[in-house]
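First comes the structure, then the notes that go with it.
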Amino acid sequence: MSTESGARQPRITTRELIAMKQRGERIVCLTAYDYLFGRLVDEAADIVLVGDSLGQVVLGYDSTIPVTLEDMIHHGRAVRRGVRHALLVVDMPFLTFQVSPEDTVRNAGRLFQATGAEAVKLEGCDDETARHVRALVRAGIPVMGHIGLTPQSVHALGGHRVQGRGDVAAARLREEAARLEAAGAFAVVLELVPAALAGEISRALEIPTIGIGAGPEADGQVLVLYDMLGLNEGFRPRFLRRFGELAPSARAAITDYAAAVRSGAYPAAEHSFE
Ligand code: KIV
């Protein structure tokens, strides 16, 4: 969030995000995975998310499932060094929160301490997960929920499909959102959810919803940074708007560099020392 003079406000808090919802201000969230992009995203976003999408866009896996707590700590610390104003949230990877509330608190505590993030995010919210969310909140660790398409359960869900279609699935999603709020989460990501349902859930909750593929009525939006910058060339889901086309310009720069080295045009005298 910026002031009229363009100067950034002090660090965004979980309370401030709820106040933004009350004021009808839309919340801007983007992912980041390293220091330099963390710094750039921090100039404009309210929330910087170190998502476990780093499994695909940084580490080259097919899904988020192989991502470890160590991976999240490593990247979370790097982003932390660049983020001064936005609220920093780090994802809890697969099986670091599903086993028991004690295990969840221990793993989230490590993530929280080692990265210096202000909050963690975890996927799903059945009754058992709600117990884990409550245990985290009790331990002083703010939690962002994530429902709808939860990528760590992609195989159980049968692929990357819109969730909450039909009365039963919509009712389940409404319940999960309410359960997260009751358990003390400060915000909830809605991923791949019909726009009308996302709007309904957003109006029903006091905490903000952050949509991805959930239409315009969520209280905020999140995208994976490399997708919206056009670096992830093959990835073109319907919900994604590319705000840049960085892959072609990166490729052109790399090709120019290779040609200049091969031809001897680089380095020239001005790049050399006496
Ligand atoms: O891992 C991630 O980047 C996410 C966002 C897409 C919400 O969970």
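Coordinate-derived values only; no laboratory data. Source: prediction; values computed, not measured. Note: ideal-geometry Cβ built from the backbone for every residue, glycine included; neighbour counts use all protein chains shown.
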Next on the checklist: Among the numbered criteria (1) away from the ligand (no atom under 14 Å from the Cβ); (2) in contact with a His (Cβ under 6 Å, 6 or more places away or on another chain), which one does Thr14 miss?
Outcome noted: (2)
Checklist outcome for this item: Given (1) within 15 Å of the chain's Cα centre (by Cα); (2) within 14 Å of the ligand (Cβ to nearest atom); (3) closer than 30 Å to Ala135 by Cα, Asp227 misses just (3)
Item to check | Number of positions in region 45-99 that are over 25 Å from Thr129 (Cα atoms) and hydrophobic (A, V, I, L, M, F, W, C) | outcome: 8
Checklist entry - Is it true that Thr150 is within 30 Å of Ala196 (Cα to Cα), in contact with a helix residue (DSSP H, G or I) (Cβ under 8 Å, 6 or more places away or on another chain), within 16 Å of the ligand (Cβ to nearest atom) and hydroxyl-bearing (Ser, Thr, Tyr)? => result yes
Checklist entry - Quick one: would you say Thr64 is within 30 Å of Arg203 (Cβ to Cβ), touching a residue at least 24 places away in the same chain (Cβ under 8 Å) and hydroxyl-bearing (Ser, Thr, Tyr)? => result yes
Next on the checklist: Among the numbered criteria (1) closer than 20 Å to Gly140 by Cα; (2) away from the ligand (no atom under 15 Å from the Cβ), which one does Val83 miss?
Outcome noted: (1)
Item to check | Set Leu225, Leu229, Leu246: member being buried (at least 21 other Cβ atoms within 10 Å of the Cβ) and not hydroxyl-bearing (Ser, Thr, Tyr) | outcome: Leu225
Checklist entry - Is it true that Ala108 is touching a helix residue (DSSP H, G or I) at 6+ places or on another chain (Cβ under 9 Å) and crowded, with 20+ Cβ neighbours inside 10 Å? => result yes
Item to check | Among residues of region 206-238, those that are in a loop (DSSP other than H, G, I, E, B) and in contact with a strand residue (DSSP E or B) (Cβ under 7 Å, 6 or more places away or on another chain), counted | outcome: 7
Checklist entry - Quick one: is Leu157 in contact with a Gly (Cβ under 7 Å, 6 or more places away or on another chain) and not small (Gly, Ala, Ser)? => result no
Checklist outcome for this item: Residue hits (region 48-62; under 24 Å from Thr209 (Cβ atoms) and more than 10 Å from the ligand (Cβ to nearest atom)) are Val48
Item to check | Residues of region 35-45 classified as surrounded by fewer than 24 Cβ atoms within 10 Å (Cβ to Cβ) and either assigned to a loop (DSSP other than H, G, I, E, B) or under 11 Å from the mean Cα position of the chain (by Cα) (or both), total | outcome: 2
Next on the checklist: Can you tell me how many residues within region 99-128 are in contact (Cβ under 8 Å) with a residue 40 or more places away in the chain, closer than 26 Å to Arg172 by Cα and outside any loop (DSSP other than H, G, I, E, B)?
Outcome noted: 3
